[in-house]
Amino acid sequence: MKRKPCSVAPPTEDHDEKPNLLKRKDDETTSKAGFFSSSKQILTLCLVFRMVNSLLVQTYFNPDEHWQALEVAHRIAFGYGHLTWEWSKGIRSYLHPMMFVPLYKFLSFFGLDTPWFMIRSPRLLQSVISSVGDFYLYKLAHRIFGEHVAQWTLFSQLVNWFTFFCFTRTLSNNLETVLTLIGLYYWPSFRHSSKHFLLASRKWGLVVAALACAVRPTSAITWLYVGLLELFETKDRIKFIFLEVAPIGLLVLGFTCLVDWLMYGSWIFVPLNFLKFNFLSSGGDYYGTHKWHWYFTQGFTVMLFTFIPFTIAGVFQSRQWKLFGLMAWVLGLYSMLGHKEFRFVMPVLPIALMFSGYSLASLEDTVSKDINRKISSNLRNKCPSRMQFGLFFLLVTNLPMALYMSLVHQRGSEDVMNFLSHEALEDRVKSVLFLTPCHATPYYSTLHRNLPMRFLDCSPTESRETHDESDRFMIDPVGFLSDMVKGWAVPSHIVLFDSQEKQLKGFLISHSFIEIKRFFHAHFKVDRELQGSIVVYTLTSQ
């Protein structure tokens, strides 16, 4: 019996107009797809996986997960919570935080607003949303490349360490990513269908694109490329602009402005304020800058990790230049901004993993009968091990990384607030002072008690040479705290990292504070000195 070789002949068809060879083979074997033959089963797989994923994520990643989403939603739902300076400047839309308000109301109504549910339920809700993104990535890959590539694309998406680590967090970037995947699925330029169906599909794509831009104005970078591509290819350009883009865009923009008007209490045009701060004044640079090539040499490469060779191979094998162009366009434009973060380019990570899916499908299947005739018996015998080695390589490099980053690295910030929320539930906390870099822990959305709390402010100052509270504390902890105690209301609890505790321990003991709890935080430093653990001190005289 002949065994199938793993080698793949380079596709010779134009993928912008016709299905590729892998897709052609899938069309002949769709009925044999088994589990993947049912959309409901695929969606269920994604949902169950992401829900388990969300429960395994117990670490702190980016402050916006709490401070720009859950903290705002908690304030709306319960009447207390901290709004950062961005909300006074009107550069944030309430559209994303409002998603979590019904959840909080539901928990409160049924008496389920306990520490466990307050911490876990938002991420469980996000896991449902993220599973929809996984599902539409599968559908998008199926639409462009066929069933087999779609299966390996989903495998890549679920196994990639950064997707596991980040995708179930309550960041607006994750909602943007989900909307981007849905929009690309409906967009005509990335599918093969009848003209009549494409026009109807395009309108759905426009609605989703407009929502993505409403959630995060920077999503316009993605949709500018897609829109220009469609404008170049469509014959009805006037109709596309004035009868589709303009009405749908204005409708979604009007809805967003209405939501913000109700919440801000006045008319606020968030996209313009966002543009002024982040692009025209480079306000984001206040929180740090990177070299122009950071996404290519560090950021995006770390996110892809060991999928890099498979992604590169998939790009050249598939020759799907439109999708590759979108990825390059987004990375290129974001590289022009000084302030860079991993999460900013999250929407194009699944696209890169789709190319990995193509490469993995190519490793497993044969396409050309000519190669099957010419390949030697010895090489055929090695093909299965080649595939197995690739899968083993991806699993053994991504799974430990995903679990370590989700369960171990920087978990102290989450653990300390979990502890304080239980203590507050037992009425053992009266007030809290956070002597940490600003926004280093969750806040009221986790504590869920209306108690006085104070953290070190890091709002942008008029001059970048002027140090904010957080900076001044990090430079001279003892001097800063000595000045603070002259007029402070003595807190019942103080939270700080061990790196500052070494300098302040004597001061705290002299003011009747003792250590009551210590939580592991990290094995290695991130952007400051090593913060190995986070410590809670309490006032002995309370």
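The values are calculated or read from the model by the stated rules, or taken from the named source; none is laboratory data. Owing to the predicted nature of the structure, the values given are computational and were not obtained by experimental measurement. When we count neighbours, we look across all protein chains shown, and the Cβ atoms used for this are built from the backbone with ideal geometry, even at glycine. For the accessible areas, the whole protein counts, side chains as well, though only heavy atoms, and no ligand, DNA or RNA atoms are used. Shrake-Rupley method; radii C 1.70, N 1.55, O 1.52, S 1.80 Å.
Here are some notes:
- Given (1) crowded, with 24+ Cβ neighbours inside 10 Å; (2) in a helix (DSSP H, G or I), number of the condition Thr168 does not satisfy: (2)
- If the condition is being open to solvent by 30 Å² or more (accessible area, probe 1.4 Å) and touching a Leu at 6+ places or on another chain (Cβ under 9 Å), then the range 96-128 contributes Met99, Leu103, Phe106, Asp113, Thr114, Phe117, Arg120, Leu124, Leu125, Val128.
- The set of residues from the range 261-315 being β-branched (Val, Ile, Thr), within 23 Å of the chain's Cα centre (by Cα) and part of a helix (DSSP H, G or I) comprises Val270, Thr297, Thr301, Val302, Thr306, Ile308, Thr311, Ile312.
- Residues of the range 242-254 that are more than 26 Å from the chain's Cα centre (by Cα) and either free of Cβ contacts under 8 Å to residues at least 24 places away in the same chain or open to solvent by 40 Å² or more (accessible area, probe 1.4 Å) (or both): Phe242, Leu243, Val245, Ala246, Pro247, Leu250, Leu251, Gly254.
- Complete set of residues in the range 502-542 that are in contact (Cβ under 8 Å) with a residue 60 or more places away in the chain and of a type in the set (Ser, Thr, Tyr): Ser533
- For the range 443-489, taking the residues that are aliphatic (A, V, I, L, M) and in a loop (DSSP other than H, G, I, E, B), the one that is least open to solvent (accessible area, probe 1.4 Å) is identified as Leu456.
- Residue match in the range 335-342 (condition: outside any loop (DSSP other than H, G, I, E, B), modelled with pLDDT of 95 or more and in contact with a helix residue (DSSP H, G or I) (Cβ under 9 Å, 6 or more places away or on another chain)): yes
- Some residue of the range 76-85 being of a type outside the set (Ser, Thr, Tyr), closer than 18 Å to Tyr287 by Cα, open to solvent by 10 Å² or more (accessible area, probe 1.4 Å) and part of a helix (DSSP H, G or I): yes
Residue by residue, here is whether (1) open to solvent by 40 Å² or more (accessible area, probe 1.4 Å); (2) over 25 Å from Val101 (Cα atoms); (3) of a type in the set (Phe, Trp, Tyr); (4) in contact (Cβ under 8 Å) with a residue 60 or more places away in the chain holds:
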| site | (1), (2), (3), (4) |
| --- | --- |
| Phe240 | no, yes, yes, no |
| Thr256 | no, no, no, yes |
| Asp260 | no, no, no, yes |
| Ser266 | yes, no, no, no |
| Gly283 | no, yes, no, yes |
| Tyr287 | yes, yes, yes, no |
| His290 | yes, yes, no, no |
| Met303 | no, yes, no, yes |
